[in-house]
Amino acid sequence: MSLVFAGVCSHAPGITGRAHMADPDVRDRFYEAFRQMGDDLRAAKPDAVVIIAAEHFANFFMNNMPSFAIGMADSYEGPIEDPGWLGIERRQVPGNRDISQRFITEVMKGSDIAYAEEWKFDHGIMVPLHFLTPDYDIPVIPVNINCQGPPLAPLERAWAFGESMRRACEAMPERIAIIGTGGISHWPATPDSGKINEAWDLDFMDRWCRNDKDALLDADAYNDLQVYSDAGQGGFEIRTYLTVSAAAGGAQGVVHFCEPIPIFAVSCTVATYDLASA
Amino acid sequence: MTLYAVQKFLYELNRTPAMQSAYTADRHAVLEPFDLNDEEVAALVEPDIGKLFHLGVNGQILMHFAAFHQIEWQDYLQRMRDGIATYGPVREGVYAMTTGLDDVIAPVHSSSKGASS
Ligand SMILES: [Fe+2]
């Protein structure tokens with residue numbers, strides 16, 4: 001099988017853009033865990049990194065909103081945000097159209113998705129890359145799950161999407177890494193920014209580590225109304241995390257860091273699956 | 001109800017540098033093709049961040065519009081709070097406010113106060 005790395009991480013723009021406003025102690029421990037994830041990712045020697053992000057109106061809008069989309073280009077530009085505001089310089093990020101096209105073709109056997117030959121990266125992808133592949137030397141395959149403009153795809157469909165990606169990885173000769181970004185509970189870009197439901201986050205990450213499908217798709221805990229109430233509109237991004245769970249095929253996970261940093265607006269999180277345990 | 005049009009305008013503006021230049025030169029001219037009512041045009045031109053939040057603009061779109069206008073983060077958050085205080089709760093959309101008007105949700109770390117963003 002060719003899935004060589006699977007993990008999740010936060011992508012909030014404050015992580016880079018508001019770095020100077022955070023408690024340096026907790027911030028630096030988080031950065032260290034984030035960079036360690038990058039070291040581990042690169043040690044897995046992936047030929048391409050699939051980044052499943054919940055983008056924020058950089059490419060997709062409610063005039064034509066795909067539930068699931070995958071990029072298919074040789075290069076991408078990012079960040080779309082003001083570089084000074086985000087704290088990340090604008091640049092070209094390498095893709096690989098050939099790998100993307102074959103990956104998309106395989107995924108389509110199990111899930112109905114959109115593909116896109118143009119894609120501007122926002123903080124959902126640029127913040128993770130800043131820590132994971134700081135030299136921007138591994139081709140990226142961007143993936144989007146609509147977590148912004150309801151109606152949103154049911155969690156079961158996100159799970160099925162993850163399984164389709166797993167099968168696609170198995171069908172390809174390349175070594176593929178999959179990273180999910182976003183969440184967990186947060187109320188981003190609102191007056192509530194910085195509100196964090198830490199207990200909810202830790203409970204979700206416990207389910208994520210156990211890779212317990214029933215617990216992750218729990219309709220009582222994670223229907224959209226309940227998520228909105230418990231975890232804010234940012235909580236809809238759990239779709240990216242549980243898609244990675246499905247892609248990891250039963251592997252057990254480890255949380256390397258999960259602590260609230262309110263000025264970054266989230267429980268800053270770094271977690272990976274031990275693929276050998278699948 | 002034209003929240004859709006307000007957000008469509010902001011979406012296009014946020015991702016199109018040429019449109020940002022044109023908007024800087026003549027706000028009304030760039031807004032003209034969008035199906036907006038007077039209240040919405042006034043809020044955009046001002047810009048009245050609090051009114052736009054009250055109208056229901058998604059924060060992921062609104063925060064970039066605020067950054068485009070060089071509005072600092074803490075000021076951006078305060079303007080939304082002021083909008084709720086002045087105009088009332090968010091009218092529609094998923095970006096309501098759930099904390100109290102005077103709650104301090106994300107304090108800036110003491111060692112960095114005064115630093116610019
Ligand atoms: Fe996000």
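The values are calculated or read from the model by the stated rules, or taken from the named source; none is laboratory data. Please read these numbers as outputs of a predicted model, since none were measured by experiment. We place every Cβ from the backbone using ideal geometry, glycine too, and count neighbours over all the protein chains shown.
A single entry from A:V244, A:V266 fulfils the requirement of being within 14 Å of chain B (Cβ to nearest Cβ) and surrounded by 24 or more Cβ atoms within 10 Å (Cβ to Cβ): A:V266. Restricting the search to helices (runs of 4 or more DSSP H) fully inside segment A:1-120 and requiring at least 1 residues that are surrounded by fewer than 17 Cβ atoms within 10 Å (Cβ to Cβ) gives A:24-43, A:83-86, A:97-107.
When residues in segment A:212-237 are screened for being buried (at least 21 other Cβ atoms within 10 Å of the Cβ) and touching a residue at least 40 places away in the same chain (Cβ under 8 Å), 9 of them pass.
Residue by residue, here is whether (1) within 14 Å of chain B (Cβ to nearest Cβ); (2) under 16 Å from A:T133 (Cβ atoms); (3) among the aromatic types (F, W, Y); (4) touching a Cys at 6+ places or on another chain (Cβ under 7 Å) holds:
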residue	(1), (2), (3), (4)
A:D28	yes, no, no, no
A:E32	no, no, no, no
A:F57	yes, no, yes, no
A:N64	yes, no, no, no
A:F68	no, no, yes, no
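Helices (runs of 4 or more DSSP H) fully within chain B that include at least 1 residues being crowded, with 19+ Cβ neighbours inside 10 Å and within 10 Å of chain A (Cβ to nearest Cβ): B:3-15, B:49-55, B:59-68, B:73-87.
Scanning segment A:1-35 for residues that are within 25 Å of B:Q74 (Cα to Cα) and of a type in the set (A, V, I, L, M) turns up A:A12, A:I15, A:A19, A:M21, A:A22, A:V26. Considering only segment A:220-239, how many residues are more than 14 Å from chain B (Cβ to nearest Cβ), of a type in the set (A, V, I, L, M, F, W, C) and more than 16 Å from the ligand (Cβ to nearest atom)? Total satisfying the criteria: 1. One residue alone among A:P66, A:P134, A:P128, A:P83 is within 21 Å of A:R42 (Cβ to Cβ), of a type outside the set (A, V, I, L, M, F, W, C) and away from the ligand (no atom under 16 Å from the Cβ), and that residue is A:P134. Residues of segment A:124-151 that are buried (at least 19 other Cβ atoms within 10 Å of the Cβ) and at pLDDT below 95: A:Q148 alone. Here segment A:173-211 is the region considered, the condition is being outside any helix (DSSP H, G or I) and surrounded by fewer than 19 Cβ atoms within 10 Å (Cβ to Cβ), and the residue that is farthest from the ligand (Cβ to nearest atom) is A:P173.
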